[in-house]
Amino acid sequence: MRLRTFLAAGAVASVALAGAAQAEDMTIVSWGGAYSASQMNAYHKPYMEMNPDVNIINDESAAEAVAKLRAMAEAGNTTWDVVDVVASDAIRLCDEGLAMEIDVDSMLAAAPDGTPASKDFGDFLVTPCFIPQIVYSTTFGYRTDMVGDTPPKDVCAVFDLENYPGKRSLEKRPINNMEWALMCDGVAMEDIYDQLATEEGQARAFAKLDTIKEHVVWWSAGADTPQLLADGEIVIGSTYNGRLFKLIEEDKQPVAMLWDGQVFDLDGWIVPANLSDERKKRALHYLNFATDTQRLADQAKYISYGPARASSAPLVGKHATLGIDMAPHMPNEPSNMSNTLLYNYEFWADYRDDIDAKFQTWLAK
Amino acid sequence: MANGENVSGPILAADGRPLKQSLARALRLQKLRALALIAPLLIFVLVSFVAPITDMLFRSVENAIVPDTLPLTVAALEDWDESAGKLPGEEVFAALHQDLLVAVAAKAHTKLGSRLNYEQTGVASLLRKTGRRVKRMEEDGDLAAQFAKIHKSWADPETWATIKRFSSAYTSGYFLNAVDAKLGATGIEARPENERIYIFLFERTLLLSVVITVACLLIGYPVAFLLATLPMRTSNMLMILVLLPFWTSLLVRTSAWKVLLQQQGVINDTLVFIGLVANDGRLAMINNQTGTIIAMTHILLPFMILPLYSVMRTIPPSYMRAAKSLGATDWTAFWRVYFPQSVPGIGAGAILVFILSIGYYITPELVGGTSGTFISNRIAYHISSSLNWGLAAALGVILLMVVLVLYWLYDRIIGIDNVKLG
């Protein structure tokens, strides 16, 4: 009898707790590490102060977000409210009907001068489901003590074994590497994707990559290249610009940044499709706040990724703890942008499976 | 007893029924009760393990999305002869137009695009683009020309052939892809040389798994032997050392190997310091097969040592002493008396390590570079990155089949009864 009362009381209590938790918890999925910390400082904390009835739970599984969102949708139980994904994943989620379409102008804040959000984000609105947040780039860092008196000036130093002998690191996927290979094989910037769409162009890119294949360490986690550079395993390697910023400015390693040939990519928010009206409303209320001009500029105080709104750029200030000016470390700072590519979402959505199969076969041979 | 039965018929229980019947009834009740006791576990396993796995594996042949999204087009394409190399007639374009109007309203066309893009590059953007314009098309006009205007691929018979080839509710496409083949115009054909990867990866996975299993056995056997023969107190201390890796995060252990094995790492530094290796000839021990073998052998070693140890503990030391007292040398006593009794432990450990390593992916991903990755790395890629769950499921089915066949072979050759975990 006593056991039964105990169980009943427990059941009532847990139902009550679950009810209470559902009323205020909002799960936001992101990448973890310094990136999640920057969002916590710039978005979550001020938002929770203004809305004490909302409790933001930070989930760090953005790396598997696409697969998990699909699994959740199939199970009919989506537990996430807002998800941070890269733009190419947002396009796939949108294609699969797993992310909700956002009407940018009616749902998001306008710029302080009244420019509507759709104009403020401009070309960065690559799919109707995606709210851009930051611009990051994949670019190269090199060991200053291993390149002699002639530090590399352009991205083709990666393919120059004569002047820069030693290992280099590249990401274990075709995206970006194929572009760099063609770029350094003499293909003009605007012809790269036309070339890559043909068998000959792909073969040409692989032939260029073949010249350094034996000297490449292939990475799959963003932390790999910084570690390899810090340990002196490689001379030069590609990674995200924020990782290199940390390595150079915070960890004070003998590494320098090579902005030439950087490939821009976008990271931002999506809202899962099929949320209940109440949760949808809450998620949009949060996003309206977290993606306004000031908030995007605030994030740059904590991490060296550029705000995706044009109106945020003039507001970028100093790093919160290091006290250095952040503008020169932004990938979309004009002086860093002399030779850049924007990730071609349309192209890679089509060719990703095809070229990836060839790339993996090429790697294995 | 047997005599008595023959003479006086069935023995009766106290309530007058035949004893056999009564016993069977009691046993049945007992069985039911036992079943009821394990029912929660059984239901749990069925619901949380068998059902999802079956569902996942079923995706390797499932293709309902094409006939569901384009029902009219699929029906209209039935009469079209793909081998003629001509475009289908206007009625097919009209059917496609109708289907797409419905699909766009339900936002199903882009999903279909992702599905067909696995078979023909470019269909994803083709359907995305067509979906944006389909509402503005004129129904009475020349639809074939209007579609061709949206995208030239609609004027390419190959696009239509792809739709027709993958128009049934079930497909062999994923399985063919998983064995480096595809459905072409003339039936099943091999993929071009520069796209053949999966069979190669299956072979590599099996080969490396065997190497890892043998390495675990060679290192683990002496350790288990030592543990089993030392006095209890000392062996308990050593046991903790064996178990310690179990309590450390897998990622920590894998990263530790990076620090040790890389070219500027501890081992290479030491070798250079004592002069065994020249400074410019540092050994490449990580980001290749060597790295995978070393790190995985370390990680899976406890799975070999523990079954070996528990079997060896049950071998009485007196057998070895008896053999020696009868004149056997140390080696003969070990090889003829001790080793055969430890074989069940070897079997159990080898099966555990082999099956675990065949499905491993996180360690090969981190330390395997390009020559040390497994088929499971590709499965993980297709599950979490390319979202091609059909192909991932097909690869998973094949891997499961390979394991079952090996298990069956093992049972035939060594006998599964010979496996003991303790």
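Structure values in brief
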quantity: Solvent-accessible surface ranking, highest first, for A:ARG168, A:ARG295, B:ARG132 at 1.4 angstrom; calculated: B:ARG132, A:ARG295, A:ARG168
quantity: Highest-fluctuation residue, A:GLN133, A:GLN227, A:GLN202 considered, GNM on chain A with Cα pairs under 10 Å; calculated: A:GLN227
quantity: Highest average packing first - A:345-357, B:308-320, Cβ atoms within 10 Å; calculated: A:345-357, B:308-320
quantity: Relative contact order (%) - criterion: Cα under 8 Å, at least six apart; region: chain A; calculated: 23
quantity: Chain B: angle of helix B:232-247 to the longest principal axis, Cα-based, in degrees nearest 10; calculated: 10
quantity: Computed over chain A, Kirkwood Rh from alpha-carbon pairs, angstrom; calculated: 22.2
quantity: Nearest 10 degrees, 0 to 90: helix A:65-75 Cα axis against chain A principal axis; calculated: 40
quantity: Per residue solvent-accessible surface (Å²) - the protein assembly as shown, probe of 1.4 Å; calculated: 48
quantity: When each of A:LYS68/B:LYS258; A:LYS365/B:LYS182; A:LYS281/B:LYS129; A:LYS213/A:LYS365 is checked by Cα-Cα distance, pairs over 19 Å; calculated: A:LYS68/B:LYS258; A:LYS365/B:LYS182; A:LYS281/B:LYS129
quantity: Assigned charges on the beta-carbon of Lys, Arg, Asp, Glu; region A:169-227 dipole about Cα centre (debye); calculated: 260
quantity: Convex hull volume per residue for region B:26-139, taking Cα atoms only, in Å³; calculated: 175
quantity: Degrees, to the nearest 10: B:389-413 long Cα axis against longest axis of chain B; calculated: 30
quantity: Ordering of B:178-186, B:92-100 by burial proxy (mean other Cβ atoms within 10 Å per residue, highest first); calculated: B:92-100, B:178-186
quantity: Alpha-carbon spread of region B:155-237, three principal axes, descending order, Å; calculated: 81, 28, 18
quantity: For chain B, calculated [θ]222 nm from helices alone, where every DSSP H run of n ≥ 4 adds -39500 (n - 2.57); calculated: -20500 deg cm²/dmol
quantity: Charge dipole magnitude, Cβ of K and R +1, D and E -1 - chain B, Cα centre, debye nearest 20; calculated: 1840
quantity: Solvent-accessible area buried by A and B, counting both chains, probe 1.4 angstrom, square angstrom; calculated: 3400
quantity: Inter-part distance where region B:356-379 and region A:306-326 are each reduced to a Cα centre, Å; calculated: 40
quantity: Three-way shape label, chain B, alpha-carbon gyration tensor, a/c 1.5; calculated: oblate
quantity: Cross-link partners of B:LYS31 among lysines (Cα-Cα below 29 Å; sequence separation of 8 or more within a chain); calculated: B:LYS20, B:LYS420
quantity: Rg followed by Dmax, in Å, when region B:2-55 is reduced to its Cα trace; calculated: 19.8, 59
quantity: Separation between Cα centres of region A:67-110 and region B:183-256, rounded to whole Å; calculated: 38
quantity: Net charge dipole size for chain A [Lys, Arg +1 and Asp, Glu -1 on Cβ; Debye, nearest 20]; calculated: 1180
quantity: Accessible heavy-atom area order of B:LEU251, B:LEU112, highest first, probe of 1.4 Å; calculated: B:LEU251, B:LEU112
quantity: Over region A:33-72: Kirkwood hydrodynamic radius from C-alpha pairwise inverse distances, Å; calculated: 11.6
quantity: log10 of Debye I(q)/I(0), alpha-carbon scatterers only, for region B:74-148 at 0.14, 0.17, 0.21, 0.27 Å⁻¹; calculated: -0.46, -0.70, -1.05, -1.36
quantity: Distance from region B:117-142 to region B:84-102 (C-alpha centre basis), Å; calculated: 11
quantity: Ranked order, B:ASP411, A:ASP145 - accessible area, probe 1.4 Å, largest first; calculated: A:ASP145, B:ASP411
quantity: Complex-versus-alone comparison for region B:182-230, residues with a loss of 30 Å² or more in accessible area, probe 1.4 Å; calculated: B:ASN194, B:GLU195, B:ILE197, B:PHE200
quantity: Hull-based mean projected area of region A:161-233, where the convex hull spans the alpha carbons, in square nanometres; calculated: 5.3
quantity: Highest-MSF residue in chain B out of B:VAL66, B:VAL405, B:VAL123 [GNM, Cα springs under 10 Å]; calculated: B:VAL405
quantity: With every protein chain in place, the protein assembly as shown: carbon and sulfur % of accessible area (1.4 Å); calculated: 61
quantity: Cα gyration tensor shape for region B:297-422, rounded if a/c is under 1.5, else prolate or oblate; calculated: prolate
quantity: Semi-axis lengths (Å, descending) of the ellipsoid that matches the C-alpha gyration tensor of region A:232-365; calculated: 29, 26, 14
quantity: Evaluated at q = 0.05, 0.06, 0.09 Å⁻¹: base-10 log I(q)/I(0), Debye formula over Cα of the protein assembly as shown; calculated: -0.36, -0.50, -1.05
quantity: Three principal axis lengths of region B:198-418 [C-alpha, angstrom, descending]; calculated: 64, 50, 29
quantity: Residues along region A:167-200 losing 40 Å² or more of accessible surface when the other protein chains are present rather than the chain by itself (probe 1.4 Å); calculated: A:LYS172
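The values are calculated or read from the model by the stated rules, or taken from the named source; none is laboratory data. Keep in mind that what you see is a predicted model, and the values were worked out from it rather than measured. Cβ coordinates were reconstructed from backbone atoms using ideal geometry, including for glycine residues, and neighbour counts include every protein chain displayed. These accessible areas exclude ligands, DNA and RNA; they are computed on the full protein's heavy atoms, side chains included. Shrake-Rupley method; radii C 1.70, N 1.55, O 1.52, S 1.80 Å.
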